[in-house]
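Since the structure comes first, as structure tokens, the remarks are kept for the end.
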Amino acid sequence: MAEVRLEGITKRFGGKTAVNDLNLTIEDQEFLTLVGPSGCGKSTTLRMICGLERASEGNIFFDGKPVSWLPANKRDVAMVFQSYALYPHKTVRQNIGFALKMMRVPKATIAEQVLQAARTLDIEDLLDRKPRELSGGQRQRVALGRAIVRDAGAYLLDEPLSNLDAQLRVLMRAEIKRLHVDVARTFIYVTHDQVEAMTMSDRIAVMRDGVVQQCATPEEIYERPANRFVASFMGSPPMNFLTGELADVDGVRTFRSGALSQELGRYDVSPDDPAVVLGVRPEDVTLSPTPVAGYQPGKVFVSEPLGPDVLVTVRIDGELLKARVPVPFRLGHDSTVYVGFNQNRLHVFKASDGTALQ
Ligand code: ATP
């Protein structure tokens, strides 16, 4: 059992605040991902949880017990780093068993636990090899083996897939997700890759400049981003943003930007300031070769086939807008196209501070 609670955690390095008043509870056996751009404080947060870094302010609790003053080796956690940190001269078996040896676990028990971890990760036949005789994916599995053999309450993973090529990353992503189910422990995962965060996590905490912007399920983060930053960071290709203002047109709330006029049904909150930004995901944009009521004319700028879909960039009113539409899409460059939005899936953010209006 390992519930991890961060209470008012702040970390300063000299004058730089890397993590600012972080409050977060990671439930027992949850898979929580800290995601955000480089330098937002993800790794520092993880290092404070595992005890490699001490918070400037605030407290960390494991299952309700304060651990802020416990050194890393006294905390019930195991960490997997981006650089696998394997011992080059030791075999896979020795690498996986090393932490147990240091803890003076009896040899027979070590052998048994190493074998069990190797079976879980499907690397049983590699146990006598040295790290240099392994592929990147196999090395990453050994690094995971070194962590899971410890049977810790929480596993902390810092960008464990970032050294792997794209194909292997997709494979290992699924394997780590499955591993979480098999070992039934708390996983706290750090990545800057929003796809990893979306696909693997029970909940995602999106960070920016040391501050958690939103912590919610992947669905909620995608469907109801709390602000423009979260909306732009999560989703690929990213959400389109159009700057304009809200107006009341015959009692209907409407977004206006130049010639573009879009009815907004579901927004009941009125901002003090009508200046807003409309957010539209590429899959919520529809294109028609012929005029449709409520659609705006634009010109095809470029189209990029993605397999089942085509990513079409349209120039509309001086702005470039991305639409993800099903194949076939046959309009050539500079053809006129009519652009519509799925009214039920639009997002409106205050222009002033980017907060979402619900
Ligand atoms: P990345 O994805 O690039 O690893 P991150 O989100 O994990 O980034 P951190 O490594 O947590 O970010 O760093 C957060 C901020 O704190 C950065 O501005 C970084 O330069 C700073 N920082 C981290 N460690 C130290 C340190 N030991 N001394 C001084 N500044 C540090």
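Things to note:
- Full-extension gain in nm, SER236 to GLU124, via 0.36 nm per residue minus C-alpha separation: 36.6 nm
- Sequence-separation-based contact order of the stretch 47-166, relative, with Cα cut under 8 Å and 6+ spacing, percent: 35 percent
- Neighbour net charge for LEU161 - beta-carbon separation under 15 angstrom, K R +1, D E -1: +1
- Fluctuation leader among ASP28, ASP317, ASP158 - the chain, Gaussian network, Cα springs under 10 angstrom: ASP317
- Computing FRET efficiency as 1/(1 + (r/R0)^6) for ASN163 and VAL195, where r is the C-beta to C-beta distance and R0 is 22 Å, gives about 0.85.
- Label-to-label distance, ARG315 versus GLU220, with points set 7 angstrom from Cα along the beta-carbon direction: 4.2 nm.
- Mean-position separation - Cα centroids, the stretch 287-358 and the stretch 223-260, in angstrom: 13 Å
- Within a straight-line Cα-Cα reach of under 20 Å, LYS322 can be paired with the following lysines, leaving aside sequence neighbours fewer than 8 residues apart in one chain: LYS299.
- Residue among GLY39, GLY265, GLY97 with the largest mean-square fluctuation in a Gaussian network model of the chain, springs linking Cα atoms under 10 Å: GLY265
- Cross-link partners for LYS11 among the lysines, with Cα-Cα distance under 24 Å and sequence neighbours closer than 8 places in the same chain left out: LYS42, LYS65, LYS74.
- Its DSSP H runs of at least 4 residues, each contributing -39,500 (n - 2.57), put the calculated 222 nm mean residue ellipticity of the chain at -7000 deg cm²/dmol, to the nearest 500.
- The length gained on full extension between PHE301 and SER288, counted as 0.36 nm times the residue separation minus their Cα-Cα distance, comes to 3.2 nm.
- Spacing of the two label points (7 Å from each Cα toward its C-beta) at VAL105 and HIS333, in nm: 6.1 nm
- Considering only GLY41, GLY332, GLY340, the Gaussian network model of the chain with Cα springs below 10 Å gives its largest mean-square fluctuation to GLY332.
- Whichever aspartates and glutamates have a C-alpha closer than 15 Å to that of LYS90, once near sequence neighbours (fewer than 8 apart) are set aside: ASP128, GLU133
- A simple count of charges around GLY210, restricted to other residues whose Cβ falls under 14 Å of its Cβ and scoring Lys, Arg +1 and Asp, Glu -1, yields +2.
- The largest-to-smallest principal axis extents of the Cα set in the chain are 78, 46, 33 Å.
- All Cα-Cα separations within the stretch 265-337 were binned at 5 Å from zero, giving a P(r) of 3, 14, 23, 23, 14, 10, 7, 5, 1, each value a whole percent of the pairs.
The numbers here are math on the coordinates, done by the rules we state, and not lab data. If you're wondering where the values come from, they're calculated on a predicted model, not measured in any experiment. When we count neighbours, we look across all protein chains shown, and the Cβ atoms used for this are built from the backbone with ideal geometry, even at glycine.
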